[in-house]
Structure formats: C-alpha cells, structure tokens
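Data first, discussion second: the structure below is written as structure tokens.
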Amino acid sequence: MKYDDAAALFAKAKDKNAGKPIGNNTRLVQVGSDYAVRLHETNIVTLKPDGSIVLNSGGYRTMTTKSRINEHVPELHITQDMGLWYVNVRGQTVFFEDGMVIPATGPITGNDGYAMQKAKAQVDKMVSAFIKGYVNKMLKDGIEQPGDGDCWGCAMRDESHPENTEPMGYDHYLSHFEERYYVPTIFFQALDEKKYPNPGLIMHMMSTDARFMKKEATIILQAYFRKRKLGIAEQLARRLV
Ligand SMILES: [Zn+2]
C-alpha cells in the first residue's frame, strides 16, 4: 500500500476517528498528514506524504506484527532469523529497528543486517568464554565480593526504571570480555535477578560444594547474559559496520 492508496482507502472509512478496518484488530488511521496501519494500539506502518515509510513493532515482535507489515507493505519484506528481524527492501537486507525510516528511494544507511548477524554469533562465543573463565576463577579464588573498584556500568541500576537493567549501556561488557575482567558485581547482580527464594543458601552450597558451584554459577551467569546478548551484539555490530 502506498500513500495514495491509503488516502483513497481511508476516504471510504465510515467513522474517520475509528479508522478503516483492514484486518483483525487492524485499522487504517489518519495521523496528521500521515496514514498508519494500526495493529491494536501500535502504528506498525506509517506512510508519509513524501513516500517514506516508518516501521515500528511497539516492542511486539510477533508473527502477527510481521505478517501485517508484509501484507500491507509488499514493497518490503520482513524475515526472522535466530530471533532477529530483518527488512528486505530493494535488494538490501537491514536489521529491523523500531522507528526505522524506509526512504521512498535509495538505500537505507547506518544499518547493516549482516553486521548484526555476525556480531550476534561473535557475542555468543564471547559470552560462553567469559562465563567459563568467570566460573573457573570462582572455583580457584572463591566468590569475590564486589568492591568500589568494580566496573561502574555493571553496578549501576536505574531505581525508577528497574526494567532498564543497563542505564550505562552495553559497551563495557565488550571490554570485560576482551580484558577477561571478571567483575565481581556481575555474579551478585545475576544471583539477584535469578530470584532464588533463599539466595543465602545457594551461596552457602556454592562455597561448600565445588561441583554445585560450577553448575549453578554457570546457570546463573547464562541467564544474566541471555537477557543482554542482543544489546551487546548491537554495540559490537556498530563497531563492525
Ligand atoms: Zn561493566
């Protein structure tokens, strides 16, 4: 659907405020001089008068969002690979980002899907090596207490937005991987995020049973980095582009 098609279709809407129904939970709405495909409450596709298109999943990277975009904007195609979304447009494949603008003509700049793919594979390897090194150090030296000299980024939390676990960004993790700097704070944050009913007991069992420590510390750190891998990979992808 192009801008003019949207304008023509919208003109047929009985209730202009509610928009024109174009699918399950999907409406074509007018937003200022733009037209948008709205799925539930999210404008997943915004068609601009200059022919450019803005894409936005609203954080819902679901099958429905993907198929609605593909259905209504056949000029581009969204695919998924290893949990990541890519946009194929005019022979170019780029990494999907919320709010990304597809210009009416010409290439999309500053975004390389292949770099992201490569970065994700590299980060997977880096994280595995880091966890292995981290646990080996714990087995050798015991559980090191966090101190004032620890990395700031690892320790920082945004109290008013607890869901934002990384107010300092993800770049510091890349340098920890490179320097094999096993920041003591990371383990304590990871333990905290695991929400054990009795973390003190876990700590006690770890300090008395090396096999348990090896197994459980690995699980705890894997859960911590699973949540952060994408953010770290995005940082690495920027360096690769
Ligand atoms: Zn750090």
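The values are calculated or read from the model by the stated rules, or taken from the named source; none is laboratory data. Computed from a prediction, not measured in an experiment: that's the story for all the values here. Neighbour counts are summed over all protein chains in view; Cβ atoms, including those assigned to glycine, are modelled from backbone coordinates with ideal geometry. Remember, those area values only see protein heavy atoms, side chains included, never the ligands or the DNA or RNA. Shrake-Rupley method; radii C 1.70, N 1.55, O 1.52, S 1.80 Å.
Miscellaneous remarks
- Counting the residues of region 86-108 that are assigned to a strand (DSSP E or B) and either of a type in the set (S, T, N, Q) or touching a helix residue (DSSP H, G or I) at 6+ places or on another chain (Cβ under 8 Å) (or both) gives 7.
- In region 141-155, the condition of being more than 29 Å from residue 118 (Cα to Cα), open to solvent by 90 Å² or more (accessible area, probe 1.4 Å), at pLDDT below 90 and more than 13 Å from the ligand (Cβ to nearest atom) is met by at least one residue.
- Lone qualifier among 191, 201 - being under 22 Å from residue 136 (Cβ atoms) and at pLDDT 95 or above: 191
- Pair list, Cβ < 7 Å and 6+ apart or interchain, from region 179-198 residues that are under 12 Å from residue 150 (Cα atoms) to residues that are surrounded by fewer than 13 Cβ atoms within 10 Å (Cβ to Cβ): 184/145; 184/147
One line per residue, one yes/no per condition, for (1) within 25 Å of the chain's Cα centre (by Cα); (2) surrounded by 16 or more Cβ atoms within 10 Å (Cβ to Cβ):
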| residue | (1), (2) |
| --- | --- |
| 4 | no, no |
| 35 | no, yes |
| 61 | yes, no |
| 67 | yes, no |
| 70 | yes, no |
| 88 | yes, no |
| 97 | yes, yes |
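- Residues of region 182-212 satisfying the condition of being among the β-branched types (Val, Ile, Thr) and either within 21 Å of residue 155 (Cβ to Cβ) or within 16 Å of the ligand (Cβ to nearest atom) (or both): 183, 185, 186, 202
- Pairing residues of region 54-65 that are touching a residue at least 24 places away in the same chain (Cβ under 8 Å) with residues that are part of a helix (DSSP H, G or I) and surrounded by 15 or more Cβ atoms within 10 Å (Cβ to Cβ), at Cβ distances under 7 Å and at least 6 apart in sequence or on separate chains, gives 55/69; 57/65.
- Considering region 99-125, and only residues there that are in contact with a strand residue (DSSP E or B) (Cβ under 6 Å, 6 or more places away or on another chain) and surrounded by fewer than 15 Cβ atoms within 10 Å (Cβ to Cβ), the residue that is modelled with the highest pLDDT turns out to be 101.
- Annotation: residue 179 fulfils all but one of (1) farther than 21 Å from residue 231 by Cα; (2) within 16 Å of the ligand (Cβ to nearest atom); the unmet one is (1).
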